[in-house]
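Report on one structure; see the data block that follows.
The values are calculated or read from the model by the stated rules, or taken from the named source; none is laboratory data. Just so it is clear, the structure is predicted and the values come from calculations on it, not from any experiment. In this analysis, Cβ positions are derived from the backbone assuming ideal geometry, glycine residues included, and neighbour counts consider all displayed protein chains.
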Amino acid sequence: MDYNDGDIYSFTYPVLYLEPVVKMQVIADLHLHSKYSRATSKDMDLIHLSEGAKVKGLNLLGTGDLTHPLWFNELKRTFGTGDGTGIFKFKDIFWMLTAEVSTIYTQEGKTHKVHHIFCVPDLESTEQINEELSKHGNLKSDGRPIFAGMTSAELVEILIGINKNVIITPAHAWTPWFSVFGSKSGFNSLEECYQDQIKNIFTLETGLSSDPAMNWRLSNLDKVTIISNSDSHSPNPWRLGREANVFDLEDVTYKEIYETLKKKDKKKFLFTIEVDPNYGKYHFTGHREHEVSMHPKEALKLNNICPVCKKPMTVGVLQRVEELADRPEGFVPKDAIPFKTLLPLYEIISVITGTNALYSKKIIEEQDKLIKNFRNELNVLLNASKEDLIKVTSEKIAEGIIRVREGKVKYVAGYDGEYGRVIFDESQFEKQKKVAKYQKSLSDFN
């Protein structure tokens, strides 16, 4: 070919067949991990991931962890030689060869820790990549290996040197600790990070604490295509596919996906699926130890110092975007790929019913009932009418699903490793913030 993307639970969901809305509509989650990554479910294998994808409504998954020798051997045994398209088929799910790796290095006196996703078009190139990367780190140690001393540019040079059609993406681009723009160890631009290899970077992953609208505020990012993935460590539908990419393709091939992303083709790349960035773990600035969370305006007044212990707070994604943005909120580039904001069905039911358990049989049963009736979770979240939902579930749950779909809910923002919270009763929003001790302002400490 020549052409220029941890919770541990048992998986108990029924296997349902996937019926795309249109013939070649592809809903893809290209960033996830296998059972060979740390803090992942033992069920992160091809069988359970295939089942989970059908339950969710996905029909294309990244394999994740292709650098791990044991996982790569499983992929080869299962996929065989493939059909030459760069996309493999197993259990009625399409698969793309993917991995996430970590580069940790010092540049101009500062330590940088950047995670990268990459997609590979064939098994032969993958073997060559693994052979070369094994010289720089222990591929057996984790499904997401660490390459100490290797720069981001050097990684890209190695990958593109083996196959020029590898897709390299800065992973969860704004996460404070391990990302291209992270407040703790990142850069101020893609060019600073990838240097002379910037020409080979044409995608960027939002991560849970940012969405496309936040990224649109940086004019420098207009040249890349924004993608969204789950980074899932579990095949359960409240993790797998919580963020995803929706394509309308003529052919499900690596080449077509590559060219769609490279050209930012709006006819073929329909939209991304996002969770509200407030729901992510690092949206606001804060200090989890003392339950301190702040909007950037409040945090800046304190020079990002925790008012309780006087130690530095973790600067959140919203504040980091504000630091680098050269456009106002609400700006939409002319060629922007749209997005839709959702929440996993499990989370909606949990909040509506007041069941706070992380793995509740009651919620699972209610969730499964909806999924069974509407074929998959994304069909429930995106398409089912309120009238049809009420035939299957309670009016409160039906209304909650519709309100999330329409963006008519509020959130208590996540911070410093703590997930945010969704609030359906807006009259309780201020009360919930105070009860949760979240989103403090300076007056709370005076």
Name the residue, out of LYS140, LYS89, LYS56, that is over 22 Å from the mean Cα position of the chain (by Cα) and either under 30 Å from LEU382 (Cβ atoms) or surrounded by 23 or more Cβ atoms within 10 Å (Cβ to Cβ) (or both). LYS89
Do we have VAL292 as crowded, with 21+ Cβ neighbours inside 10 Å and in contact with a Cys (Cβ under 6 Å, 6 or more places away or on another chain) here? yes
Among the residues in region 205-218, are any closer than 20 Å to PHE271 by Cβ and basic (Lys, Arg)? yes
Hits in region 227-267 (condition: closer than 23 Å to ALA173 by Cβ, in contact with a Leu (Cβ under 6 Å, 6 or more places away or on another chain) and not polar (S, T, N, Q)): GLY241, VAL246
Among ILE402, ILE390, ILE371, ILE364, the single one that is out of contact with any strand residue (DSSP E or B) (no Cβ under 8 Å at 6 or more places or on another chain) and closer than 13 Å to LEU343 by Cα is ILE402
Just the residues that are under 28 Å from LEU60 (Cβ atoms) and among the basic types (Lys, Arg), please, taken from region 269-299. LYS281
Residue that is surrounded by the most Cβ atoms within 10 Å (Cβ to Cβ), among those in region 340-379 that are of a type in the set (S, T, N, Q) and closer than 21 Å to TYR279 by Cα: GLN367
Among the numbered criteria (1) at pLDDT 95 or above; (2) closer than 24 Å to GLU289 by Cβ, which single criterion is violated by ILE402? (2)
Kindly check whether there is at least one residue in region 70-90 that is under 25 Å from GLU365 (Cβ atoms), modelled with pLDDT of 95 or more and not hydroxyl-bearing (Ser, Thr, Tyr). no
Considering only helices (runs of 4 or more DSSP H) wholly within region 352-391, the ones with at least 3 residues that are β-branched (Val, Ile, Thr) and closer than 18 Å to ARG239 by Cα are 361-374
Which one is nearest to LEU382 (Cα to Cα) among residues in region 266-307 that are over 22 Å from the mean Cα position of the chain (by Cα) and in a loop (DSSP other than H, G, I, E, B)? LYS267
Just to be sure I understand, how many residues within region 154-191 are more than 23 Å from the chain's Cα centre (by Cα) and assigned to a helix (DSSP H, G or I)? 6
Take the conditions among the hydrophobic types (A, V, I, L, M, F, W, C), assigned to a helix (DSSP H, G or I), modelled with pLDDT of 95 or more and surrounded by 13 or more Cβ atoms within 10 Å (Cβ to Cβ) and apply them to ILE337. Does it pass? no
So the strands (runs of 3 or more DSSP E) completely within region 62-120 holding 1 or more residues that are under 13 Å from SER37 (Cβ atoms) are 93-107, 110-120
Evaluate the following for LYS310: is it part of a loop (DSSP other than H, G, I, E, B) and within 17 Å of GLY420 (Cβ to Cβ)? no
Criterion violated by VAL315 - all others in (1) touching a Pro at 6+ places or on another chain (Cβ under 6 Å); (2) closer than 23 Å to MET214 by Cβ satisfied: (1)
Among the residues that make up region 82-95, is at least one of them of a type in the set (A, V, I, L, M) and more than 30 Å from MET24 (Cα to Cα)? no
